Amino acid sequence: MQTAAQSERPRQPQRDTTFGTIMMQAWMHKTTWNERLRGRIAASGSTCDLSRLPCPARLLLDCARHSFARCRKRERRLIPVAVAALLAFSAPFSASGQGLVDQPVASVGAPTATAFTPDGRLLIITQSGTVRVMQAGSLLATPALTFNTSATGAEPKLCFGGEMGLLGIAVDPDFVASKHIYLFYTARNGAAACGGHNYTAANPVDGTPAGTYSGAGRTANRVSRFTLGVTGDPNVIDPASEVVLVDRMPARGTNHNAGDIQFGKDGHLYIAIGDGGTDYAGASPGSAGGNDAARDRNVLTGKILRIAKDGSIPPDNPFAATGADCRLTGGHAGSGHCRETWAWGLRNPFRFATDENATGVRLYINDVGQGLWEEVNEGVPGADYGWNACEGRHDNGSTAPGCAAAPPGSVLPVFEYPHGGSPVPGTSLTGCNSITAGAFVPRGLWTPAFDGRYLIADFVCGAIFSIDSDPATVTPATPAVTAQTVLSSAGSVTSMTWGPFGYGRGLYYTRYNAGGQVRVLYFDSALLDIDGNGVVEAATDGVLLLRALFGLRGAALVAGALGSGATRDADAIAGYVTARSAGADPAFDVNGDGRVDATTDGLLAFRHLLGLSGSALVTGVPLGSSRPTAAEVRRYLQTRSP
C-alpha cells in the first residue's frame, strides 16, 4: 500500500522507475539475479538492456545475493558507489506532510498522570481514584487499584472533587527488583467531609490546642508507596501494601493541591504541594491572592519536597540540618523550615519536569498563576519563589514590570506569559490562563530545532508550546522571552511523559476533554532525515545512512549525496547517525537485534525508502526477536518517513 506522499510524487520516466524496482526486487528475492531480472524486464515491456547496468551496481547486487559478510574488503569499499549507481535508475522517495503526529492511545475518564514500568506497561491514574494498566497496546479492563471514595469502608479512602483526587504517580527506578510505585492522593484521613478544615483550630482527634497546626482527622494530601503485583497478578496492587511516606499536608480549599511526584537523577523522590487555595489557618482574606500559606516555612504547603525512596530525609536537603521533621505530621509547631523542603514560595506547582539532558538533577517547575501571570521556575535547592508577594516577575496583582515586594533572595521565573487576550509571547495563542504540564525534549530525539527546548501545556487554551531551556543562556536573570507553538489543539492537558512508542519514544500526554484521553506525540520523520533538509529521500538520506553505518566519514560520507537545503555537514551527519546507533539510543536498530549494522538495519531503512514492503523488504535480512515481521519493520520506519 502506498503512502499519500508516494502516490502524489511526480512520476519518473517509466524505464528508470521500472528498472530500479526490478533490480532491487531481484536482489532481495535472492534468485539468480540475471535470470530474474530478464524475466521481469520482459514482463514489464521495458527496453532496458542488462549491458547498461553499471559495474558497481552489479557488484552491489552480487554482494547482496551472497551476503555482505562474504564480500572482499576491496569490494565493500565500492558499495557506496554502487548504491549511488543503483539510485540513478530508481525514483527517489520524497515524503510530504512531515512533522508532529498526534494520535490517541487510550480513552480514560479524567486522567491525571501516567508513568511507565521498565517492561513497557503504561500506568494511567484517574482523578476519581483508579490505577489503570495498558499492556501490549491494550487497556486492561480491571484497574490495578481502585480507591474507596466513601467516608466508610476499606482504606485507602480518597477525597475526590474540585482539584482533589489521585493526582500523581512515579515508578521506582529499581522497579524490577522492588515492584514499587508511588502515588500522590488527597486522603480522607478520617474526616467526615472533604476539605473546609481549619488546621490550627483545636483538634479533639489528637488533643492539639488551638493555634498549633494539626492534620489529624482532617483532609490531607498524602504520598504513599504501593507494590504492584504482590497478589501474584503482575497487574494488581494490593491496597494493604500501602506504606505512607508523607502525610497530613493541608487541603483546606479543595484546590491548589499540585500533586506531581517524580524521581530525580539522584534517585530521590521530588513532590509538589500547592498552597491549598485557602489558608489552612483560616486567616482573612486567606484565599486566592490573599492566601499567604506558602510563606509559612513550618507547614508542607506551597513547596517542592525531596525525600528518599523509604521516606527518610536526604542529608543534603537544604534544610536537613536546621529544620524539623514534618513528613508524617504535615508541619511542626516552630517557625523554621521542614527538613523535607527542597524549595518553597509556590502557589500551585501543578507539574514539574526533570531534564534528562542534564548531568545531574535539573527541574523546571510550572506554577499556576492567580489572575495575571503563568510562570516557569528553575529548580534551585532552598529557593524561595516569592508567592504570594510576587506573581511571575511582578507584584501580586500587577502588570507593571518588576516585583518590588519580592522577599530578599527570592528567585524569579525563567519564563512567564500573561492571561486573557494577550498572546503567549512569540505566538498567536491567546486565552492561556493555566499552565499545567511540562517536559524537556531529549536531545536528538526530535528534529534539531527541538534540541534544548522545554514543552509547556496550558489547560485553558488547550495548546502546547515550547521555550528555550539552554542552561547557558536561560536563567532567572536572563529569562526566555518568547515561545513557539507546537500543537494548538492539544486540549485540557494535565500531564506529559516520555515513553516507548513503536521502536523509539513519544511524548504521552493526558487530557480531560473528549471524555478523557491518553495521547502520544511523535515526529514522523525526524529519524531518517539524515541531511536535515526536511525531506526524506532514498537518494540522499538512504545513501548517507548506509555510508555512515559502513564507517565512511568526511568528504566520502557526503560526496554527491546531500539534499537540496541540507542543514548538516559531514561531521554533523556522522554525529547524528552515531548518536542514534549507540547502545544508549538504538533508534537505528531497525531489526531489533540489539545492534546497529549497515547490512541489516541500514539496508532495511534503505529498502523502505525505495518503497519496498512485505517480503521484499526483509528477505535475506535477519530480524531480531522483538521485530519478527515485515509489517512491524515497515510500520516502525513509516513513523519516521511517512
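The values are calculated or read from the model by the stated rules, or taken from the named source; none is laboratory data. Model, not experiment: these values are computed from the prediction. Positions of Cβ are generated from backbone atoms using ideal geometry, with glycine treated the same way; all protein chains shown enter the neighbour counts. Surface areas here come from the heavy atoms of the whole protein model, side chains and all, with no ligands, DNA or RNA. Shrake-Rupley method; radii C 1.70, N 1.55, O 1.52, S 1.80 Å.
The table below lists the values:
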| quantity | calculated |
| --- | --- |
| Unique residue being over 24 Å from Phe263 (Cβ atoms) and assigned to a strand (DSSP E or B) when the list is Thr485, Thr427, Thr478 | Thr485 |
| Residue in segment 353-368 that is part of a loop (DSSP other than H, G, I, E, B), at negative phi, touching a Pro at 6+ places or on another chain (Cβ under 8 Å) and of a type in the set (Asp, Glu) present | yes |
| Selection count where residues are open to solvent by 20 Å² or more (accessible area, probe 1.4 Å) and assigned to a strand (DSSP E or B), scope segment 248-257 | 1 |
| Residue check, Ala281 farther than 27 Å from Asp172 by Cβ and either more than 28 Å from the chain's Cα centre (by Cα) or hydrophobic (A, V, I, L, M, F, W, C) (or both) | yes |
| Enumeration of residues in segment 576-594 that are at pLDDT 85 or above and either touching a His at 6+ places or on another chain (Cβ under 7 Å) or open to solvent by 40 Å² or more (accessible area, probe 1.4 Å) (or both) | Thr578 |
| Residues (open to solvent by 10 Å² or more (accessible area, probe 1.4 Å) and either out of contact with any strand residue (DSSP E or B) (no Cβ under 9 Å at 6 or more places or on another chain) or not in a loop (DSSP other than H, G, I, E, B) (or both)) located in segment 395-421 | Asp395, Gly402, Glu416, Pro418, Gly420, Gly421 |
| Meets criteria (buried (at least 17 other Cβ atoms within 10 Å of the Cβ), modelled with pLDDT under 60 and assigned to a loop (DSSP other than H, G, I, E, B)) for Ala95 | yes |
| Some residue of segment 629-637 being in a loop (DSSP other than H, G, I, E, B), open to solvent by 10 Å² or more (accessible area, probe 1.4 Å) and either modelled with pLDDT of 85 or more or farther than 23 Å from Ala539 by Cβ (or both) | yes |
| Leading residue by the ranking (surrounded by the most Cβ atoms within 10 Å (Cβ to Cβ)) among those in segment 215-237 that are charged (D, E, K, R) and modelled with pLDDT of 95 or more | Arg218 |
| Residue satisfying all of: in segment 379-394; crowded, with 24+ Cβ neighbours inside 10 Å and in contact (Cβ under 8 Å) with a residue 40 or more places away in the chain; farthest from Arg306 (Cα to Cα) among these | Glu391 |
| Matching entry among Asp275, Asp260, Asp279 (being open to solvent by less than 20 Å² (accessible area, probe 1.4 Å), charged (D, E, K, R) and more than 22 Å from Ala324 (Cβ to Cβ)) | Asp260 |
| Among the residues listed as Leu557, Leu552, the single one being out of contact with any Gly (no Cβ under 6 Å at 6 or more places or on another chain), surrounded by fewer than 22 Cβ atoms within 10 Å (Cβ to Cβ) and either among the aliphatic types (A, V, I, L, M) or at pLDDT 90 or above (or both) | Leu552 |
| Residue tally, condition under 25 Å from Gly253 (Cβ atoms) and open to solvent by 20 Å² or more (accessible area, probe 1.4 Å), over segment 348-367 | 1 |
| Of residues in segment 483-506 being under 10 Å from the mean Cα position of the chain (by Cα) and modelled with pLDDT of 95 or more, the one surrounded by the most Cβ atoms within 10 Å (Cβ to Cβ) | Ser495 |
| Given (1) assigned to a loop (DSSP other than H, G, I, E, B); (2) open to solvent by less than 10 Å² (accessible area, probe 1.4 Å), number of the condition Thr473 does not satisfy | (2) |
| Per-region count, segment 293-319, residues in a loop (DSSP other than H, G, I, E, B) and surrounded by 18 or more Cβ atoms within 10 Å (Cβ to Cβ) | 12 |
| Residue selected from segment 238-247 under the condition without any contact (Cβ under 8 Å) to a residue 60 or more places away in the chain and over 20 Å from Thr114 (Cα atoms), by the criterion least open to solvent (accessible area, probe 1.4 Å) | Ser241 |
| Count of residues meeting criterion [in contact with a Pro (Cβ under 6 Å, 6 or more places away or on another chain) and open to solvent by less than 40 Å² (accessible area, probe 1.4 Å)] in segment 422-432 | 1 |
| Helices (runs of 4 or more DSSP H) completely within segment 497-600 that count 2 or more residues being more than 30 Å from Arg132 (Cβ to Cβ) and touching a Phe, Trp or Tyr at 6+ places or on another chain (Cβ under 8 Å) | 543-549, 570-581 |
| Ser422 being without any contact (Cβ under 8 Å) to a residue 12 or more places away in the chain and hydroxyl-bearing (Ser, Thr, Tyr) | yes |
